[in-house]
Amino acid sequence: FTVLDRFPTPFAVHGGIKFSPDGRFAYIMSRDGWVQQYDIWSLAEVGRVRAGINARNIALSHDGKWLAVANYLPRSLAILDAATLEPVRVIEVVARDGKPSRVSAVYQAPRRQSFILALKDAPEIWEIATDPDAGPFYEGFVHSREAGMTEAVGGEQGLFARRRILLDEPIDDFFFTTDYRFLIGTSRDGSRGVVVNLTVGRAVKELPLPGMPHLGSGISWTMADGRRVMATPHLREGKLTVIDTESFEVVKVIDTLGPGFFLRGHENSRYIWADVFFGPNRDAIHVIDKNSLQIVRTLRPAPGKTVAHVEFDREGSHAFVSVWEDPGALIVYDAATLDEVARLPMRKPSGKYNVWNKIRFSEGTSH
């Protein structure tokens, strides 16, 4: 557990680090729109460009060729060449009713070979193709799709073609099933989860999820009885909700010591780890059994100090926890015994991102 490098980044990094498919390059974004490219092999910054004025997050295409930047200002999706950071396309985000919208977030959907956009100001989801052979996508009725006799208006096809999915209300903070057929988004009032079938392009179900679920940090796993489930923390209530991702029914609501922000797990670990983050118990981390869905241990690595954001190593044998204070620390736990094995002093460390787990889409990490 040795620190290899410490390097300057743009101010106010946000949205999570993204990695090239070979694990060589890391892409880092700041709230004021700067995108940084860092070469992990040589431990050096190799590029920096500004892609927006007020940016939300970034996503890398399935093949590692394109980097998408979601912007509040200007209201757009900026697409960069991931190798050079040169701008390739700027897509103005205008809803079907003609009104511009901010982009809440952009997500990689590798099995769909696309980016998925959450729109802040419009009841729509956009899908932007990263497949040169995608489409055509039509926004109106199609009378015939027969080759050479298509009867439709306004289709888009090919690289960066847009598909528009219409909803009854704006939704945000997406969780995707492992096959990327479905997503769950949070309703604007924070009381419901909306399930959208991306294949047919419409909302198919609603879930009662009061207390502002933070679905973007949700994780999924397979229980001993074969059920595939996901869990999400809530930003306004001390609860975790576990959901069956086949039936989209609530399996269990787990009471916690307060509202949480992050969840983590690993396919080789029997536990999921949940921080509390908000409120008087922000110094607590819950360790929860994946099968019994019971809290088996509550850790307090630094009593009275905020602890948050767990990440696992490649094997799932160690869990890393941030003491989000100055001075703070990065604490390493044995993921099986839950014993502390190392403590690295740091100044207010926050997110940690394991390259292997991210590029291999580990089931215990959010994507």
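FYI, it's all coordinate maths here, none of it is from the lab. All values reported here derive from a predicted model rather than from experimental measurement. Please note: Cβ atoms are built from the backbone with ideal geometry, for glycine as well, and neighbour counts cover all protein chains shown.
Key figures
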{"item": "Average Cα contact separation per residue, the chain, under 8 Å, 6 or more apart, as relative contact order %", "result": "8"}
{"item": "Top of Ala68, Ala319, Ala134 by mean-square fluctuation, Gaussian network on the chain, Cα under 10 Å", "result": "Ala134"}
{"item": "For the stretch 275-283, Karplus couplings with θ = phi - 60° (6.51, -1.76, 1.60), whole Hz, Gly/Pro x", "result": "7, 9, 6, 10, x, x, 9, 5, 8"}
{"item": "In Hz, Karplus ³J(HN,Hα) per residue of the stretch 353-362 (6.51, -1.76, 1.60; θ = phi - 60°; x = Gly, Pro)", "result": "9, 7, 4, 4, 4, 6, 6, 9, 6, 3"}
{"item": "For Gly16, distant residues with modelled amide H under 5 Å away", "result": "none"}
{"item": "Zero-based 5 Å bins, Cα pair distances in the stretch 67-135, whole percents", "result": "4, 18, 27, 25, 18, 7, 1, 0"}
{"item": "Net lengthening on full extension, Asp225/Asp289 (0.36 nm per residue, minus Cα-Cα)", "result": "21.7 nm"}
{"item": "log10 of Debye I(q)/I(0), alpha-carbon scatterers only, for the chain at 0.08, 0.14 Å⁻¹", "result": "-0.40, -1.25"}
{"item": "Filtered GluC sites (Glu not before Pro), the stretch 213-294: DSSP coil and at most 15 other beta carbons within 10 Å", "result": "Glu246, Glu249, Glu267"}
{"item": "Label point distance in nm, Arg202-Glu267, each placed 7 Å from Cα along Cα→Cβ", "result": "3.5"}
{"item": "Label-point gap, in nm, between Arg188 and Asn54 - each point 7 angstrom along Cα→Cβ", "result": "1.7"}
{"item": "Rel. contact order, % - alpha carbon contacts under 8 angstrom, at least six apart, the stretch 227-367", "result": "16"}
{"item": "Cβ-derived FRET efficiency at R0 22 Å, Arg360 paired with Val46, nearest 0.05", "result": "0.40"}
{"item": "For the stretch 1-166, convex hull volume per residue from C-alpha positions, Å³", "result": "122"}
{"item": "³J(HN,Hα), Karplus 6.51/-1.76/1.60, whole Hz, each residue of the stretch 223-229, x for Gly, Pro", "result": "7, 4, 7, x, 6, 8, 10"}
{"item": "Distant-in-sequence amide H partners of Ser114 (H built 1.01 Å from N, under 5 Å)", "result": "His62, Ala109, Thr130"}
{"item": "Partner lysines for Lys290 [C-alpha distance under 28 Å; skip if fewer than 8 residues away on the same chain]", "result": "Lys18, Lys205, Lys239, Lys252, Lys305, Lys352, Lys358"}
{"item": "Residues whose placed amide H lies under 5 Å from that of Lys120, excluding near-sequence neighbours", "result": "Arg102, Val103, Ser104"}
